[in-house]
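Q: Supplied in structure tokens, the structure appears directly below.
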Amino acid sequence: MPVQVLGEVLSVKRVGAYQAMTVVAPGLPELTRPGHFLAVQVGGPESAMLLRRAFAIYDVKERGVYGGTVEFVFSVHGKGTAWLSARRPGDRVDVVGPLGKPFRLPKDPVTATLVGGGYGTAPLLPLAHALRERGCRVDFVLGAGSADRLFGQLDAKRIGQTLAVTTDDGSVGERGRVSDVLPEVLAKSRSDVVYACGPMAMLQAVSAQAAAHGAPCQVAVEESMACGIGVCMTCVLPVVGDDGLTRMVRSCVEGPVFLGDRVRWSDVGTVPPDVVGAPTGGH
Amino acid sequence: MVDMSTTLGPASFPNPVFTASGCAAAGQELAQFFDVAALGGVVTKSIMLEARSGRATPRMAETPSGMLNSIGLQGPGIDAFLDKDLPWLADRGARAVVSIAGGTVEEYAKLAQKLRGRPGLAMVEVNISCPNVEDRGQVFACDPRASSEVVAAVRAKVAADVPVFAKLSPDVTDITAIARACVDAGATGLSVINTLLGLAIDTTTMRPVLGGVTGGLSGPAIRPVAVRCVWQVRQALPDVPILGMGGIRTGLDALEFVLAGASAVSVGTTVFGDPTAPVRVLAELEHALEVRGFARFADAVGLAHRPPELRVPEDADPPGDLLPEGAP
């Protein structure tokens, strides 16, 4: 059950190429699990930007001097995120969350590999803590275009048994993609499960490599959303259900976490002809 | 305290604020944020005979004070809707306004038949902004004859005490001609307006943003168009109830529609940015009526059409009291 809070901004910090914002949001931390996301109004009450911006929840604190707080990470690439990055402590932002289905945690103390692309690492760090609390071994593979677009490298190093880093430009770690190093990491760590968050192309590659390794894989997708709460039907993607049928499902309520082998990656952005309710001659 | 009740033909509602079709699914998601029975009615996403996948993504583009959508009426089909969604609304005491959409007159008639006698059904809204597959995909709502055929077919199947509203498209030369055709065919009232057809182009990819190329424009950007349409329909058909919608974000926005002639309003796109907007708009509308001296919501309906001699002096406190009962 999400809450809607007009929360005070505590801080907006630059983290490499990204921004991390902490907002006072009573009631939200208690409900949050790793993989949940939130949706923020941008531009103020008279804003010409009507749609919320959705971000993975990075960190929550249930108590403290300010009461419950929530932190999320974003990248400025439009007017909405530019507005957000210009908020100052004491400003207020309207937050709805937690939203979506979080990562499912294993019952047993398994070995987990966490793969993050860019600021997609943000929800993986609280996940890593939760896994460690259950006695799991955690290995990290983080990738980004360049060093400043890597997120959470130090935390990952501290929490994880191992950390592999790749950048497209080779400015840090190995030059290349996470998929260049993931098979080796999975083999070495004998990973039982894989969790990933990042761009869709990365999630597709990671899902395939996890499947080849024989490990179940949970991915948190980034689909463009208008409402974040399941009413607008814009954030759909083709996902295979337990009954073997493909449906266009909402990544905001049925996701953002999906099993990697259930998403029809190559058909994202299309309506496959065998999807439930696919257009026939009539439509 | 303002008496916020309203009537739409044979049906009464405790208040005039509804959700808008396609902006509230079938109520469950919004119930996480407020009691859906607190609204005048919950207008469901348009339901079709069969399950429908909708269009390819991207399905949405944010535009200045608005958005374009090209969802393609994704939905579970009428049978699943009647199994799960309508009973859910009925159980909660919500008044369900079921929006129906079809590709042929016959499909609309079948949908209306299936709705007959269902508990919780307060009203039927006919989404006529659909391509008529029997007429080269010409949109029903753009043709008076096609609109009237759909409305007549639906009216014949829906119980007499359940209002049937036809939802009008603003993308026509004369909206009052379509309005008249729908009313002559038996529509109880009119939902004014559906989205305007728009298109956005991504200047990076240099292609249309939406997978469906064109999309429906909604949000505050279209409000003046919507208010104009309500005004024109009210002027042409003063006795026909109107459910007004198009970019309502606040109680004062809603009041504009009411003054233009709407007996009830739908809050649509604003819900995407503010899930509690419908109940907020209701509270704001009630307050706005109260400070203007209205004892009854119904007295404000169409008041902007009053003759010039019925002026409301600027320094008057309760302006409503200066006007005859039931003005204009």
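The values are calculated or read from the model by the stated rules, or taken from the named source; none is laboratory data. Every value quoted in this text rests on a predicted model; they were computed, and no experiment measured them. Virtual Cβ from ideal backbone geometry, glycine too; neighbours counted across all protein chains shown. We work out accessible area using only protein heavy atoms, side chains counted, and drop any ligands, DNA or RNA first. Shrake-Rupley method; radii C 1.70, N 1.55, O 1.52, S 1.80 Å.
Q: Give, rounded to the nearest 20 debye, the magnitude of the charge dipole that the protein assembly as shown has about its Cα centre when Lys and Arg contribute +1 at Cβ and Asp and Glu contribute -1 at Cβ. Don't jump to the answer; show the numbers that get you there.
A: Numbers: 55 positive and 62 negative charges, 253 e Å.
With Lys and Arg at +1 and Asp and Glu at -1, about 1220 debye.
Q: Positive end of the dipole of chain A, charges at C-beta (+1 Lys, Arg; -1 Asp, Glu), about the Cα centre: which of A:Cys227, A:Ser146, A:Pro29 has its Cα farthest in that direction?
A: A:Pro29
Q: Relative to a virtual label point 7 Å from the Cα of A:Arg262 in the Cα→beta-carbon direction, which members of segment A:188-218 show backbone nitrogen distances below 19 Å?
A: A:193-198, A:200, A:203-212, A:214-218
Q: Pop out the ³J(HN,Hα) list for segment A:202-216 in order, Karplus 6.51 cos²θ - 1.76 cosθ + 1.60 with θ = phi - 60°, rounded to Hz; leave Gly and Pro as x.
A: In residue order, the calculated couplings are 5, 4, 5, 5, 5, 4, 5, 5, 5, 4, 4, 7, x, 9, x Hz.
Q: I need the phi-derived Karplus couplings for segment B:31-36: 6.51 cos²θ - 1.76 cosθ + 1.60, θ = phi - 60°, integer Hz, Gly and Pro marked x.
A: 5, 5, 10, 7, 6, 5
Q: Taking only the C-alpha atoms, wrap a convex hull around segment A:52-162 and report its volume per residue in Å³ as a whole number.
A: Numbers: hull volume 14.6 nm³, N = 111.
Value for segment A:52-162: 132 Å³ per residue.
Q: Is the shape of the protein assembly as shown best called rounded, prolate or oblate, per the rule: a/c under 1.5 gives rounded, else a/b larger than b/c gives prolate, else oblate, with a ≥ b ≥ c the square roots of the Cα gyration tensor eigenvalues?
A: On the way: a/c = 2.34, a/b = 1.70, b/c = 1.38.
The shape class here is prolate.
Q: Just the accessible area for B:Leu196, please: 1.4 Å probe, Å², rounded to the nearest 10?
A: 40 Å²
Q: If you roll a 1.4 Å probe over chain B with all protein chains in place, what percent of the accessible area is carbon or sulfur?
A: Working: 6520 of 12590 Å².
Looking at chain B in its full context, I get 52 percent from C and S.
Q: For the pair B:Asp83 and B:Cys142, what calculated FRET efficiency results from E = 1/(1 + (r/R0)^6), where r is the Cβ-Cβ distance and R0 = 30 Å, to the nearest 0.05? Present the calculation step by step, with values, prior to reporting the outcome.
A: Working: r = 34 Å, r/R0 = 1.12.
That gives a FRET efficiency of 0.35.
Q: Using only the Cα atoms of segment B:6-310, build the gyration tensor, take square roots of its eigenvalues as a ≥ b ≥ c, and label the shape rounded, prolate or oblate: rounded if a/c is under 1.5, else prolate if a/b is larger than b/c, else oblate.
A: Numbers: a/c = 1.25, a/b = 1.15, b/c = 1.09.
Judged from the Cα gyration tensor, segment B:6-310 comes out rounded (a/c under 1.5).
Q: Please turn the phi angles of segment B:44-58 into ³J(HN,Hα) values with the Karplus equation 6.51 cos²θ - 1.76 cosθ + 1.60 (θ = phi - 60°), one per residue in order, whole Hz, x for glycine and proline.
A: Here the 3J(HN,Hα) series is 7, 4, 4, 10, 10, 5, 10, 4, 9, 7, x, 8, 6, 7, x Hz.
Q: Check cross-link reach from A:Lys79 to the aspartates and glutamates: straight Cα distance under 16 Å, and skip same-chain residues fewer than eight apart.
A: Cross-link targets: A:Glu46, B:Glu62, B:Asp202.
Q: Give me the inter-chain shielding for B:46-55: mean count of other chain Cβ atoms within 10 Å, whole number please. Please report the intermediate quantities before stating the final value.
A: Values: counts 0, 0, 3, 1, 5, 5, 8, 14, 10, 7.
Taking all residues of B:46-55 together, the mean is 5.
Q: For n ≥ 4 DSSP H runs only, could you compute -39500 (n - 2.57) per run for the protein assembly as shown, divide by its residues and tell me the 222 nm figure to the nearest 500? Show your work: numbers first, answer last.
A: Details: 14 runs with 138 residues, N = 611.
Dividing the helical sum by the residues of the protein assembly as shown leaves -6500 deg cm²/dmol.
Q: Using alpha carbon centroids, what distance separates segment A:39-64 and segment A:129-191, in Å?
A: Computed from Cα coordinates, the inter-centre distance equals 28 Å.
Q: Of B:Glu29, B:Glu62, B:Glu134, which has the most accessible area with a 1.4 Å probe, and how do the rest follow in descending order? Don't jump to the answer; show the numbers that get you there.
A: Numbers: B:Glu29 30, B:Glu62 65, B:Glu134 135 Å².
Largest to smallest exposure gives the sequence B:Glu134, B:Glu62, B:Glu29.
Q: So, one more: What does the structure give for A:217-227 when I average, per residue, the other chain Cβ atoms found within 10 Å of the residue Cβ?
A: Numbers: counts 0, 0, 0, 0, 0, 0, 2, 6, 2, 11, 11.
The mean count of partner-chain Cβ atoms within 10 Å per residue comes to 3.
Q: Which residue, A:Leu124, A:Val76, A:Leu50, has the largest displacement toward the positive end of the dipole of the protein assembly as shown when charges sit on each Cβ (Lys, Arg +1; Asp, Glu -1)?
A: A:Leu124
Q: Using +1 on the beta carbon of Lys and Arg, -1 on that of Asp and Glu, and nothing else charged, what's the dipole of segment A:3-99 about the Cα centre, debye to 20? Kindly include the intermediate steps, with their values, before the conclusion.
A: On the way: 11 positive and 8 negative charges, 50 e Å.
Dipole of segment A:3-99, to the nearest 20 debye: 240 debye.
Q: Is chain A best put as rounded, prolate or oblate by its Cα gyration tensor, with a ≥ b ≥ c the root eigenvalues, rounded for a/c under 1.5, and otherwise prolate when a/b is larger than b/c, oblate when not? Please list the in-between numbers first.
A: Values: a/c = 1.56, a/b = 1.11, b/c = 1.41.
Oblate is the answer for chain A, as a/c is 1.5 or above yet b/c matches or exceeds a/b.
Q: Mind listing the long-range amide H neighbours of B:Arg55? Cut-off is under 5 Å, sequence gap 5 or more, other chains count too, H placed in the peptide plane at 1.01 Å from N.
A: For B:Arg55, whose amide H was placed from the backbone, the distant partners under 5 Å are B:Gly72, B:Gln74.
Q: Using a 1.4 angstrom probe and counting only protein chains, how large is the accessible area of A:His213 in Å², to 10?
A: Approximately 70 Å² for this residue.
Q: What residues qualify as long-range amide H neighbours of B:Val139, i.e. H under 5 Å apart, gap of 5 or more or another chain, H built at 1.01 Å from N?
A: B:Asn132
Q: Post the alpha-carbon centroid distance, segment B:284-307 to segment A:106-128, in whole angstrom.
A: Centre-to-centre (Cα) distance: 56 Å.
Q: What residues have an amide H closer than 5 Å to that of A:Leu114, excluding those fewer than 5 places away on the same chain, when H is modeled at 1.01 Å from N in the peptide plane?
A: It is A:Asp139, A:Phe140, A:Val141, A:Tyr195, by chain and number.
Q: Any chance you could check the Cα centroid distance between segment B:1-31 and segment B:94-161 for me, in angstrom?
A: When both Cα centres are located, 20 Å separates them.
Q: Moving on. Give me a single rounded figure for B:209-222: the average over its residues of other chain Cβ atoms within 10 Å of their Cβ.
A: Details: counts 0, 1, 3, 0, 0, 0, 0, 0, 0, 1, 3, 4, 2, 0.
Per-residue shielding by partner chains comes out at 1.
Q: Among B:Leu68, B:Pro58, B:Gly120, whose Cα sits farthest toward the positive end of the charge dipole of segment B:47-136 (+1 at Cβ of Lys/Arg, -1 at Cβ of Asp/Glu, about the Cα centre)?
A: B:Gly120
Q: Please list A:His36, B:His287 in order of solvent-accessible area, largest first, computed with a 1.4 Å probe with all protein chains present. Numbers along the way, then the final one.
A: Details: A:His36 20, B:His287 110 Å².
The ordering from most to least exposed comes out as B:His287, A:His36.
Q: Please work out the FRET efficiency for the pair B:His305 and B:Thr276, using the Cβ-Cβ distance as r and a Förster radius of 30 Å; give the result to the nearest 0.05. Walk me through the numbers before you get to the answer.
A: Details: r = 32 Å, r/R0 = 1.07.
Once the sixth-power term is evaluated, E becomes 0.40.
Q: Just how large is the dipole of segment A:190-267 about the Cα centre, in debye to the nearest 20, putting +1 at every Lys and Arg Cβ and -1 at every Asp and Glu Cβ?
A: Values: 5 positive and 8 negative charges, 12 e Å.
Magnitude of the dipole: close to 60 debye.
Q: Would you please give the FRET efficiency between A:His77 and A:Leu245, computed as 1/(1 + (r/R0)^6) with r the Cβ-Cβ distance and R0 = 45 Å, to the nearest 0.05?
A: Numbers: r = 36 Å, r/R0 = 0.79.
In this case the efficiency is close to 0.80.
Q: Right, here's the next one. Heavy atoms only, 1.4 Å probe, whole protein assembly: order A:Asp59, B:Asp85, B:Asp161, A:Asp242 by accessible area, highest first. Walk me through the numbers on the way to the answer.
A: On the way: A:Asp59 55, B:Asp85 30, B:Asp161 105, A:Asp242 145 Å².
Final ranking, largest accessible area leading: A:Asp242, B:Asp161, A:Asp59, B:Asp85.
Q: Rounded to the nearest 10 Å², what accessible area does A:Asp155 have for a 1.4 Å probe in the complete protein model?
A: 40 Å²
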